[in-house]
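The structure appears below as structure tokens.
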Amino acid sequence: MQNIFIEKPYQFVPPSKARWPQKLFAKLGLYLRTLQKREGVTQCEIRNANRLSESLAAGHGVLLTPNHPRLADPIATYNLIAEAGCTFYTMASWHLFNQGTFSRFMLWLTGAFSVNREGMDRNAIDFAINVLKTAERPLIIFPEGTTSRTNDWLMAFMDGPAFIARTAAKRRAKEELGSGKVVVHPIAIKYVFNGDIEARADHVLSQIEKRLSWSAQRDLPLIDRIVKVGDALLHIKELEYKCPVTDGATHRQRQTNMVNHLMHPLEEEWLGGPQEGGIQMRVKNLRVKIFPDMITDTLSVAERKRRWEQLERTYLAQQVDCYPEQYVTERPTVDRILETVEKFEEDFLGTYPLHGDLKAIIDVGEAIEVPTRREKGGEGEPLMNQIRDSIEAMLEQLADESKMYVASTPNTAANK
């Protein structure tokens, strides 16, 4: 399980107000260099930055809501600085501020502020609302809440960004702060892999197959090999957690069954019964209940151990759920193949993948004016639905940037 839980009382970390560090880093190309070194992103292309510039010129408070397929995303979005001529604030999970003194300092210096994902963080919410109300500078919030590692598929969106934006719009209108509005610019982030997908995939799959005590399954077509490994990894977890499997169940049905097998007992204990909705909200609701007492001295050793096991179950449920059905079989692109084997590498081998040869495309969507009141009727949060629809439409267009996978000839593949 990733180190996302910090066993000490939460303290809000505000950002640096200085603009010059972000502008200097952009001028020197440090964001792209960091992407190259830490995330393997060698190119970054910005599209439709003029849309953001127009909103800034109009005096609007601007919320940017990117999809979140990779850990590289926050740094990638900062490449907008040179194109749009502005600096940003970014809402970031508190655990990121606890990964060393230098990391904390750089987050602070580049405009990030903390948010407590395991509880209500009034300081973070108030800061975000005020930034949009005063149009101090654009604010970045990732509505998925965590990385998906699936560039063509979005997880469920959290409703928090809509609450923040609408509250800011209401206060801005009430206080008559200029002629500008509060607007949202959906951001679509797309990564394109330009390397040798067969060599990269074989490297990862061979390691996993060795862990499974298999010989390397190179006699299978690559897509079939990925499906076989994925099926085996799910079956291992079904056996480990004694999850019953229905004969003839599809892979997705088994995933859903596994998620509910992990989550329902916890939801019965902590939330009064099984919950519905996206996995992110279900996990968040559980962690809000399970984790807070763990930063106190009130729990016994046995109870603390039990709760850690429960948190591990929520993390595993999230991992299992985030493999979309037929992701590589329905549209076998080079990028979907890479994303899938990277998830295998991260979830099963416990290593963070860095394969390089990635190009990031940052596409700025049209501005969406934020209403001061929530529209009635319909399912879900109306503003978040509109943002999601916009990002999905942009990602659908960007999907054409991905190359379809074409298998090498047997002789070529054998020599890799």
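Points to keep in mind about this one:
- Residues that are free of Cβ contacts under 8 Å to residues at least 40 places away in the same chain, surrounded by 14 or more Cβ atoms within 10 Å (Cβ to Cβ) and assigned to a helix (DSSP H, G or I), drawn from region 236-255: E238, R254
- Residue check for R225: part of a helix (DSSP H, G or I) and in contact with a His (Cβ under 9 Å, 6 or more places away or on another chain): no
- Applying the criterion of being surrounded by 21 or more Cβ atoms within 10 Å (Cβ to Cβ) and in contact with a Pro (Cβ under 9 Å, 6 or more places away or on another chain) to the residues of region 97-123, the residue that is modelled with the lowest pLDDT is E118.
Residue by residue, here is whether (1) crowded, with 16+ Cβ neighbours inside 10 Å; (2) among the basic types (K, R) holds:
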{"residue": "A18", "(1), (2)": "no, no"}
{"residue": "L24", "(1), (2)": "no, no"}
{"residue": "R33", "(1), (2)": "no, yes"}
{"residue": "E45", "(1), (2)": "no, no"}
{"residue": "N50", "(1), (2)": "no, no"}
{"residue": "A57", "(1), (2)": "no, no"}
{"residue": "H60", "(1), (2)": "yes, no"}
{"residue": "P69", "(1), (2)": "yes, no"}
{"residue": "Y78", "(1), (2)": "yes, no"}
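- Members of region 141-167 that are surrounded by 21 or more Cβ atoms within 10 Å (Cβ to Cβ), outside any loop (DSSP other than H, G, I, E, B) and of a type in the set (A, V, I, L, M, F, W, C): A162, I164, A165
- Some residue of region 86-98 being touching a strand residue (DSSP E or B) at 6+ places or on another chain (Cβ under 6 Å) and farther than 25 Å from A188 by Cβ: yes
- If you go through region 223-268 and pick out every residue that is among the hydrophobic types (A, V, I, L, M, F, W, C) and more than 17 Å from D347 (Cβ to Cβ), you end up with 5.
- Hey, S213 farther than 22 Å from L383 by Cβ, without any contact (Cβ under 8 Å) to a residue 60 or more places away in the chain and not in a helix (DSSP H, G or I) or not: yes
The values are calculated or read from the model by the stated rules, or taken from the named source; none is laboratory data. Predicted model only: the values in this text are computed from it and were never measured. So basically every Cβ, Gly included, is an ideal-geometry build from the backbone, and we count neighbours across all protein chains shown.
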